[in-house]
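Taking it in order: structure first as structure tokens, then the write-up.
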Amino acid sequence: MKNILKPALTGILILALIICGCSSSSSPSDTAENIESEGTKEVVQRADDGRTVVGISMPDRLLERWNRDGAYLRKQFESADCEVMLKYANNLIDTQIADIREMIAGGADLLVITAVDGAALSTVLEEAASLGIKVIAYDRLIMGTDAVDYYVSFDNYMVGVLQAEYVISTLELKLTAKPRYIEFVTGDPVDNNARYFYQGAMDTLKPYLDNGKLEVPSSQTEFYETSTAQWSTDIAQQRFQIILSSYYPVGTRLDAVLCANDSTALGAARALQSDYKGKNKVIVTGQDGDIANIYNILDGVQSMTVYKHLEQESVVTVALGKDIISGNTPGEDLISKSHWDFDCSYDTQQYNNGNRVVPSYLLSPIAITSDNIEKELFETGIYKRNSSGLIYTGE
């Protein structure tokens with residue numbers, strides 16, 4: 001396909017000797033990267049063979065959304081005449097690093113990576129950069145390296161803002177004189193996005209936490225103490241059951257649980273159903289629009305979710321990847337020349353990975369409640385109903 005072929009290398013093979021060593025003083029993430037014994041050499045050959053190869057590394061298959069992302073990206077890149085290597089890392093750092101090395105050895109021109117641990121990929125990405133392979137951090141910013149060329153995601157800070165604004169509006173915090181009671185279930189502490197979700201929510205709720213209109217009976221408000229490893233439904237449920245049994249005896253009211261995403265919201269909702277002794281309806285927020293959570297919103301169990309149109313994220317990523325492979329240096333002009341029918345902004349200030357500010361393309365999430373779920377998710381065809389239940393189409 002024109003505009004996406006590799007630059008001619010006149011038959012010269014690019015050889016890279018990648019030597020990895022181990023140190024007894026290595027941090028856990030460093031140790032995870034040094035998966036080859038000291039002195040072992042790996043020779044990577046990348047020839048101008050007319051192929052355009054894209055490596056896509058997703059963190060796991062456990063969350064519904066990563067399966068969707070992987071499928072979208074594969075479909076979009078293959079429709080652009082690219083060969084695609086798609087791998088899932090089972091939430092294991094070593095596995096993801098090995099997958100990326102396999103993609104490098106397989107002749108990848110471009111890597112699209114959603115990191116298991118955003119701070120654990122610096123060495124393997126430096127290996128990619130030494131071969132001229134470009135890297136797009138997909139949805140999660142990759143930290144601590146100069147080898148990340150671009151970042152594509154949704155406005156993650158805004159996700160937390162939308163969740164918090166829903167709580168403020170529904171609890172009428174601007175009008176009420178008596179305090180309301182809230183707890184927090186935040187995301188995976190090694191997922192950089194979880195911090196943006198958290199910060200957006202906390203910045204928005206801070207005035208009400210400061211003036212006493214919002215109280216947290218457990219006193220658990222800091223990111224790490226409210227976090228949920230691997231966004232696990234079971235871990236969220238177990239933690240919240242402990243909170244309910246410890247701080248919410250009979251007669252103690254809970255008004256809202258701000259959950260960072262839908263998998264943690266499932267856990268909180270299950271804990272409320274089994275362990276909450278109050279009779280009032282408790283607000284539960286979420287993010288992603290997973291099928292189980294759409295059922296819960298329709299049934300009144302979950303109050304809202306923040307939906308991110310994942311196909312839009314893949315559309316931007318593929319357009320960006322094609323432009324990069326064609327030898328261009330995309331900027332804000334990519335948005336104007338692509339004529340997308342959705343909002344996307346170009347940011348060169350907000351996303352600093354510790355080594356550099358990574359140029360970022362950011363999409364806009366939307367809040368979904370029982371009031372607009374039909375219009376936003378069903379009338380648009382994103383979800384469809386049939387005799388067996390709900391089907392996610394993403395169209």
**Item:** Crossing angle, helix 64-79 versus the chain [Cα axis fit, 0-90 degrees, rounded to tens]
**Value:** 30 degrees
**Prompt:** Roughly how many Å is it from the Cα centre of region 367-395 to that of region 136-187, as a whole number?
**Reply:** 23 Å
**Asked** Taking only C-alpha pairs under 8 Å that are 6+ residues apart, what is the relative contact order of region 156-287 in percent?
**Response** 30 percent
**Extreme residue, positive dipole direction of region 324-384, given options Trp340, Ile382, Thr369 (C-beta unit charges)** = Trp340
**Request:** Please figure out what share of the DSSP beta bridges in the chain is antiparallel and state it in percent, rounded to the nearest 5.
**Result:** 40 percent
**Message:** Among (1) 40, 24, 18; (2) 36, 21, 20; (3) 35, 25, 19, only one was calculated for this model; which label is it, if the read-out is semi-axes √(5λ) of the Cα gyration tensor in Å?
**Reply:** (1)
**Prompt:** If we sort 170-181, 230-241, 303-314 on the protection proxy, mean other Cβ atoms within 10 Å, highest first, what's the order?
**Reply:** 303-314, 230-241, 170-181
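If each residue of separation counts as 0.36 nm, what is the full-extension length gain between Ile242 and Glu225 once their alpha-carbon separation is subtracted?
Working: separation 17, 0.36 × 17 = 6.12 nm, distance 1.31 nm.
Here the answer is 4.8 nm.
So for the chain, averaging the separation of alpha carbon pairs under 8 Å that are six or more residues apart and normalising by length, what relative contact order in percent results?
Numbers: 791 pairs, mean separation 58.7, N = 395.
After rounding, I find 15 percent.
None of the figures in this text is laboratory data; all of them are computed from the coordinates on show. The structure presented is a predicted model; accordingly, all values stated were derived computationally and were not measured. So basically every Cβ, Gly included, is an ideal-geometry build from the backbone, and we count neighbours across all protein chains shown.
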